[in-house]
Amino acid sequence: MKDLSSIQTFLMKSVFPVIWISGWGAGTVALWFGAMTERSGMQPPAETKWIFLFALIFGVAIIWWACAPLKRVWLDGMVLHASNYLQEIAMPVAAIGRVTENRWTNVCTITIHFNRSTLFGDSIVFMPKARLFAFWSPHPVIAELEELAMTVRMRSAEY
């Protein structure tokens, strides 16, 4: 069994969103209901309340977009496994259509696109193991997965 996902996947998918949303949400609620005051004892301006509320909504949307889809991914021979920590799928490596990478976000993510639909849809997103000083080059797991899928498809075409 070979784990392809970063050890930080669970933290980014489950722990970070809860901590950030709880903290920012509590601060926003406290601000709106008058529990926070300036040093002079005055309430903050109304604009501050709205800025915090919009930041909360924007932050939740970004977290939902970036963290919710993350899966834990591992290879077991010629079978690719993916888990969202509640459910798990197993797909033959031959079902991999293509593999893409998003290096422009704070957390590099890799998307595996399948030739057919799965319980998680047509693709899965995961955080690969971190690499230092490798921003400009594709993550090696991309080539590994594509090569493995190509090899399996070529072998099955021979028979």
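The values are calculated or read from the model by the stated rules, or taken from the named source; none is laboratory data. The structure displayed is predicted, hence computed values, not measured ones. Cβ coordinates were reconstructed from backbone atoms using ideal geometry, including for glycine residues, and neighbour counts include every protein chain displayed. Side chains are part of the model used for accessible areas, which takes the heavy atoms of the whole protein and leaves out ligands, DNA and RNA. Shrake-Rupley method; radii C 1.70, N 1.55, O 1.52, S 1.80 Å.
Pop a pseudo-label 7 angstrom from the Cα along the beta-carbon direction at both residue 51 and residue 100 and give the gap in nm to one decimal.
So the two model labels end up 3.6 nm from each other.
Could you please state how large a percent of the accessible area of the chain is carbon and sulfur, counting protein chains only and using a 1.4 Å probe?
For the chain, the apolar C and S fraction of the accessible surface comes to 66 percent.
Protein chains only, probe 1.4 Å: how do 40, 123, 6 rank by accessible area, largest first?
So, going from the largest accessible area down, we get 40, 123, 6.
How high is the relative contact order of the chain? Use alpha-carbon pairs under 8 Å, at least six apart in sequence, and give a whole percent.
With pairs under 8 Å counted, the relative contact order is 23 percent.
Remind me, what semi-axes does region 1-47 give for its equivalent ellipsoid, largest first in whole Å, using sqrt of 5 times each Cα gyration tensor eigenvalue?
After diagonalising the Cα gyration tensor, the semi-axes are 39, 8, 7 Å.
Bin width 5 Å, alpha-carbon pairs only: give the P(r) of region 1-114 as whole percents, running from 0 to the bin holding the largest distance.
2, 10, 16, 17, 13, 10, 8, 7, 6, 5, 3, 2, 1, 0
Could you pull out the trypsin sites (Lys or Arg not before Pro) across region 1-102 that fall in loop regions by DSSP (anything but H, G, I, E, B) with no more than 10 other Cβ atoms inside 10 Å?
Hits after loop and neighbour filter: 39.
Just to confirm, what accessible area per residue do you get for region 16-106 at 1.4 Å probe, in whole Å²?
On a per-residue basis, 63 Å².
Between residue 111 and residue 156, what length comes free when the chain is fully extended (0.36 nm per residue of separation minus the Cα-Cα distance, one decimal in nm)?
13.8 nm
Which value in nm describes the separation of the simple spin-label points at residue 143 and residue 29, placed 7 Å from the Cα toward the beta carbon?
5.1
Which residue fluctuates most in the GNM of the chain (Cα springs below 10 Å): 114, 58, 33?
In the Gaussian network model the winner is 33.
Using the Karplus curve 6.51 cos²θ - 1.76 cosθ + 1.60 with θ = phi - 60°, work out ³J(HN,Hα) for each residue of region 35-51 in order, rounded to whole Hz, and write x for Gly and Pro.
Once rounded to whole Hz, the list reads 7, 10, 10, 6, 4, 7, x, 7, 6, x, x, 4, 4, 5, 4, 5, 4.
Lysine pairs in the chain 8 or more apart or on different chains: how many have alpha carbons under 23 angstrom apart?
Pairs that pass both the separation and distance tests number 6.
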